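Every read-out reported here was derived from the displayed coordinates using simple, explicitly stated rules and does not represent laboratory data. The shown structure was predicted, so the numbers you read here are calculated from the model rather than taken from an experiment. Neighbour counts are summed over all protein chains in view; Cβ atoms, including those assigned to glycine, are modelled from backbone coordinates with ideal geometry.
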Amino acid sequence: MKQLVLSQVHESIGGKMVEFAGYNMPVQYEGVKAEHLTVRNEVGVFDVSHMGEVFVSGEKALDFLQYITTNDVSKLKPGKIQYTCLPNTDGGIVDDFLLYMLAENSYLLVVNASNMEKDLAWINKHNTFGCAINNQSDNYSLLAVQGPKSIELLQELTVVNLSEIKYYNFKIGNIAGVEDVILSRTGYTGEIGFELYIKNESVKQVWEAIFSTSIELKPIGLAARDTLRLEKGFCLYGNDINDTTSPIEAGLGWITKFTKEFINHKQLKDQKEGSATRKLVGLEVVDKGIARNGYPIVDENGIEIGIVTSGTMSPSLNKAIAMAYVTKELSEVGSEVYIQVRKKQIKAEVVSLPFLK
């Protein structure tokens, strides 16, 4: 099991450590609900250094990325970021990730740790464009400072005007005395925040500086990261999307652009035009109970019509919510479905995403 640079730090401040994607990760500190509400109302910091950083460069880097991703990479300029995915040849998704344009012919892919080997194999297999593929995942750490007070906090540590950085944009600059940090206006919580890409040797310095500002801050674990993203309807790879789910079914048509040709674009275009038979929807549980990943969804006649992919008791809304695939016929907002929880069925209603507006 791999250790984060800060693993001992997390343990020393009460982090409950678990194995996640091959890494020893903090799942919680003081408790999921308290950590969740801290990010919603104030500010918290996540150590998500398990994420992978893969640099792609070369004269045909744009052509290569246009071919292997669903989004339109030509829309990027240096300093801009795109959410996108790698489609496979069977209608599913190899991985979803963030694509950074660093400079002309130079890009950074930030991928899921659990998919690192699979992603690299896929990218290299399709690299007939002569691009350089440079996996720097073991050399970078990633801290996510998220919440309404995140800009105020980080601004104490940098001369870069963070308020000028728009959502899904980034700058490279000095923070807490460390040079060449990628300051990225992104996150997985739906709140204002930044993700900081830092070389391993400097991450402890930045972590300590973050906790030395005048703004009160708490460390946040993986469990609250999951409840925060679910309230905002963000997909989690391995739950809501995987090798068998298409971006069209998953509601990711907005990152699937048919103004270009890419791997398996014809099948996905057919789905976009009506051949998709299921859809990822939001569910609000009406009866008492919580939906969990893998629970079957049935209609009023008890016929199975889908499956829950993510579910929790929402700390912000104080109600049970879930994401699930259901048949297209029952995917309209207001549709009633039933979640099979062991021997009983609990009523749920299809609602629009995100749950937390």
Study note, to complete from the structure: Env charge @ VAL9, Cβ radius under 15 Å, K,R +1 / D,E -1, value -1
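With each run of n ≥ 4 DSSP H residues scored as -39500 (n - 2.57), what mean residue ellipticity at 222 nm is computed for the chain after dividing by its residue count and rounding to the nearest 500 deg cm²/dmol?
Calculated mean residue ellipticity at 222 nm is -5000 deg cm²/dmol.
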**Study point:** Rounded to 5, the percent of DSSP beta bridges in the chain classed as antiparallel
**Key:** 95
Point to revise | Length-normalised contact order for segment 277-351 - Cα pairs under 8 Å, 6+ apart - percent | key: 40
Study note, to complete from the structure: trypsin sites (Lys or Arg not before Pro) in segment 238-340 lying in a DSSP loop, each with at most 15 other Cβ atoms within 10 Å of its Cβ, come to LYS260, LYS288, ARG292
Check your understanding: Full extension from GLU104 to LYS266: what is 0.36 nm times the residue separation minus their Cα-Cα distance, to one decimal in nm?
Key -> 55.4 nm
Check your understanding: Cα-based Rg (one decimal) and Dmax (whole number) for segment 202-258, in Å?
Key -> 17.3, 48
Study note, to complete from the structure: Once normalised by the length of segment 1-130, the mean sequence separation of its alpha carbon contacts under 8 Å that are 6 or more apart gives a contact order in percent of 21
Check your understanding: For labels at ASN139 and SER352 in the simple 7 Å Cα→Cβ model, what's the distance in nm?
Key -> 4.6
Check your understanding: What number, in percent, do you get for the relative contact order of the chain if the mean sequence gap of Cα pairs under 8 Å and at least 6 apart is divided by its residue count?
Key -> 17
Check your understanding: Most exposed first by the Cβ proxy, i.e. fewest other Cβ within 10 Å, how do ASP180, ASP47 rank?
Key -> ASP180, ASP47
**Study point:** Within segment 123-175, chymotrypsin sites (Phe, Trp or Tyr not before Pro) in DSSP loop having at most 12 other beta-carbon neighbours inside 10 Å
**Key:** TYR167
Exercise for review: Only Lys, Arg, Asp and Glu count, each charged at its Cβ (+1, +1, -1, -1), so figure out the dipole size of segment 277-351 about its Cα centre, rounded to 20 debye.
Suggested key: 360
Check your understanding: Beyond 34 Å, what share of the Cα-Cα pairs of the chain remains, rounded to the nearest whole percent?
Key -> 28
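Tell me, what are the semi-axes, in whole angstrom and largest first, of the equivalent ellipsoid of segment 277-351 as set by the roots of 5 times the Cα gyration tensor eigenvalues?
On the way: eigenvalues 58, 37, 22 Å².
Semi-axes from the Cα gyration tensor: 17, 14, 11 Å.
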Check your understanding: How would you rank SER212, SER49, going from fewest to most other Cβ atoms within 10 Å of each one's own Cβ?
Key -> SER212, SER49
Point to revise | For MET116, MET25, order by how many other beta-carbon atoms lie within 10 Å, fewest first | key: MET116, MET25
